[in-house]
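Written below as structure tokens is the structure these notes are about.
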Amino acid sequence: MAALPRAHAHRLAAPPKVQPVPAWRRWVVLGLLGVGATAVFGRAFHLQIVENDFLAREGSKRHVRTVTLEGHRGAIRDRRGEPLALSAPVDSVWTVPNELLAAPDYVPAIAQVLGLRAADLTRFLKERSSKQFVYLQRQMNPDDAKRVLAIKAPGVFAQREYRRYYPAGEVAGQLVGFTNLDGRGQEGMEAARDVLLTGKAGARRVIRDARGRVVEDTEDAKPAQPGQDLSLTIDLRLQYLAYRELKNAVGKFKAKGGLVVVADAQSGEILAMASQPGFNPNNPEERKPGAVRNRAIIDTFEPGSTVKPLLIAQALEMGAVNASSHYDTGPGWWKVGALTVRDVHPHGDMDLGMILTKSSNVGAAKIGLQIGAEAVWSGYQKFGFGEPVHSGFPGEASPLLRNWNQWGQIATATASYGYGLSLTALNLVRAYAGLANDGLMPQLHLIADAPVTPPQRAISAATAREVRRLMQGVVSREGTAIRAAIPGYRIAGKTGTAHKVADSGGYAADKYQSLFIGMVPAEHPRLVGLVLIDEPHAVEGYYGGVVAAPVFSTVLQGALRLLQIAPDDPGAQLPSMPLSPTPSLPDNEPLPPQTVASGDGGSGNGKVLARVGGAP
């Protein structure tokens with residue numbers, strides 16, 4: 001092969017000449033790398049230092065939740081520890097709507113467990129899609145809540161709550177009251193002592209995974225504090241007995257309603273307090289205003305003839321009368337200005353005991369006018385008729401007793417047999433407890449450990465004993481309350497049959513409130529009991545001795561047995577009953593305009609059908 005020319009061989013063997021890189025390019029690349037590094041480190045600094053708290057909060061919103069720990073509400077119990085109100089554990093199921101809507105395949109299964117239609121649940125969630133917390137169902141049975149959670153739907157959770165349960169049901173409904181869904185007291189002692197009973201909620205923070213399951217508890221927790229228990233003076237055994245007998249009587253006499261109160265005459269503790277109509281606090285549908293109303297505390301009424309022992313006590317205390325005082329009740333009627341005071345049957349000359357035994361309005365009016373308006377008013381004031389009892393129960397009504405200087409002769413006469421003033425049942429029970437407790441009126445109360453005001457002196461012990469002796473004739477064969485008798489015990493009591501005020505004014509001729517209030521054993525009373533039947537309608541009559549007295553006998557007889565109170569007259573038997581019910585006022589008896597007469601079992605307890613308070 002021929003060799004290349006020398007000149008060409010030299011050209012091929014020479015290496016290519018490399019052009020040098022400009023210095024500015026090096027600096028540009030380094031600059032870009034520096035800027036990038038600075039941006040990365042700057043962003044890292046911003047996220048790690050500047051926005052660290054914000055990002056941590058945002059992360060917590062997605063993975064860390066605060067779970068509320070419900071504070072257990074305190075129980076309500078009777079004096080023997082029997083439960084009247086308890087809190088049972090339940091679960092409330094809630095959701096984050098958007099999270100559940102994002103997984104629509106779970107909605108039908110959840111709706112089925114909750115007893116809903118899938119379309120309705122979907123619409124419910126969409127209407128609340130902007131919220132982060134929505135209840136699906138409150139206070140479910142824990143087993144049903146577990147079925148919902150077992151579906152493992154995203155954004156569906158449960159929290160522990162407590163639902164109030166009332167073991168005594170309607171027997172103590174008005175007294176105990178009830179709470180709302182959030183556990184706040186709405187009526188009765190639940191409302192009166194809501195702050196005491198309510199527990200303080202706690203909280204704990206938990207970490208959840210992407211499916212909402214708790215995977216870790218944090219150390220950040222605040223324990224819940226349970227509410228305090230509340231002990232009442234009520235004895236559930238007596239409460240049941242009182243409620244049962246009252247309900248039977250209201251049904252038997254086709255009455256509008258009624259009440260029973262039993263109290264310890266010495267301590268003032270209320271042992272039973274029942275009202276009709278009643279309701280079951282476990283059933284929200286029964287919580288109607290008329291049924292929820294605790295008549296013994298919230299309602300007022302004119303006491304009728306039940307004030308006559310208190311009137312006589314005031315007259316004895318003043319020295320205006322004595323045990324041998326007599327009054328001429330004439331033909332059974334007496335004119336006081338334009339008013340005609342009537343007894344159903346004339347009894348002529350009567351002593352103090354006979355005035356109570358036969359419940360004479362004429363006799364009471366003569367005593368009242370003898371001692372004067374100021375003395376009658378002052379006597380009622382001493383027995384607490386001018387002020388509330390302060391039982392601590394919400395909505396307690398105040399009595400009405402107008403000042404004596406607004407009375408004339410007619411008002412004084414009618415006030416002497418219980419018209420022109422209004423009281424609560426507790427006002428009347430407290431006054432009679434004063435008679436039973438030798439003139440010292442105890443402070444009535446419902447809460448076992450509440451501070452109690454010392455007893456208030458109303459009359460002397462001697463006067464109280466004398467009035468109790470006079471009242472024993474009421475529960476005898478000659479008296480108006482033979483049906484209140486209890487074998488082996490002496491009873492001191494008084495009947496009352498009061499006309500109700502009519503809506504149109506004056507008094508209704510055919511609407512009555514029938515009462516009996518008494519104490520037992522009469523010599524050294526331990527218990528005071530009041531029975532009121534509102535608007536009785538029955539063939540037997542509407543008198544307090546016929547309608548209310550039998551309820552007193554049954555309830556107090558049971559109370560004496562349960563409390564083991566010894567008889568004070570072991571050989572005494574029930575007096576023989578009348579052969580027929582006490583007759584009502586004869587149709588042909590003439591009545592003056594605007595007056596009507598009725599009686600305590602035929603006793604002569606005439607009532608005035610007119611507004612008498614402040615009459616001239």
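The values are calculated or read from the model by the stated rules, or taken from the named source; none is laboratory data. Note that the coordinates shown come from a computational prediction; the quantities given were computed from them, not determined experimentally. Quick reminder, even Gly has a Cβ in these numbers, built from the backbone with ideal geometry, and neighbours come from all protein chains shown.
Table for the structure above
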{"read-out": "Single match in 510, 503 (criterion: part of a strand (DSSP E or B) and of a type in the set (D, E, K, R))", "value": "510"}
{"read-out": "Qualifying residue in the range 401-411 (condition: within 18 Å of residue 525 (Cα to Cα) and either crowded, with 24+ Cβ neighbours inside 10 Å or among the hydrophobic types (A, V, I, L, M, F, W, C) (or both))", "value": "no"}
{"read-out": "The lone exception for residue 254 - which of (1) out of contact with any strand residue (DSSP E or B) (no Cβ under 7 Å at 6 or more places or on another chain); (2) assigned to a loop (DSSP other than H, G, I, E, B); (3) farther than 24 Å from residue 496 by Cα it fails", "value": "(3)"}
{"read-out": "Exclusive hit being not in a helix (DSSP H, G or I) and not assigned by TED's automatic domain parsing to the domain that holds residue 292, set 138, 147, 123", "value": "138"}
{"read-out": "Near pairs, Cβ below 8 angstrom, 6+ apart or cross-chain, from the range 118-135 (among the aliphatic types (A, V, I, L, M)) to any residue that is in a loop (DSSP other than H, G, I, E, B)", "value": "134/96; 134/128"}
{"read-out": "Matching residues, the range 100-111, being out of contact with any helix residue (DSSP H, G or I) (no Cβ under 8 Å at 6 or more places or on another chain) and assigned to a helix (DSSP H, G or I)", "value": "105, 109"}
{"read-out": "Qualifying positions in the range 382-416 - at positive phi and in contact with a helix residue (DSSP H, G or I) (Cβ under 8 Å, 6 or more places away or on another chain)", "value": "384, 392, 395"}
{"read-out": "Flag if residue 183 is touching a Ser or Thr at 6+ places or on another chain (Cβ under 8 Å), outside any strand (DSSP E or B), at pLDDT below 90 and farther than 28 Å from residue 97 by Cα", "value": "no"}
{"read-out": "Selection from the range 502-511 of residues that are over 18 Å from residue 544 (Cβ atoms) and touching a strand residue (DSSP E or B) at 6+ places or on another chain (Cβ under 6 Å)", "value": "502"}
{"read-out": "Wholly enclosed helices (runs of 4 or more DSSP H) of the range 289-382 bearing at least 1 residues touching a Ser or Thr at 6+ places or on another chain (Cβ under 8 Å) and assigned by TED's automatic domain parsing to the domain that holds residue 400", "value": "295-298, 308-318, 352-357, 361-371, 373-382"}
{"read-out": "Residue within the range 308-328 that is among the aliphatic types (A, V, I, L, M), in contact with a helix residue (DSSP H, G or I) (Cβ under 7 Å, 6 or more places away or on another chain) and free of Cβ contacts under 8 Å to residues at least 40 places away in the same chain present", "value": "no"}
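Conditions tested, residue by residue: (1) over 39 Å from the mean Cα position of the chain (by Cα); (2) surrounded by fewer than 15 Cβ atoms within 10 Å (Cβ to Cβ); (3) at pLDDT 95 or above; (4) closer than 30 Å to residue 443 by Cβ.
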| residue | (1), (2), (3), (4) |
| --- | --- |
| 323 | yes, yes, no, no |
| 330 | yes, yes, no, no |
| 337 | yes, yes, no, no |
| 356 | no, no, yes, yes |
| 364 | no, no, yes, yes |
| 371 | yes, no, yes, yes |
| 382 | no, no, yes, yes |
| 391 | no, no, no, yes |
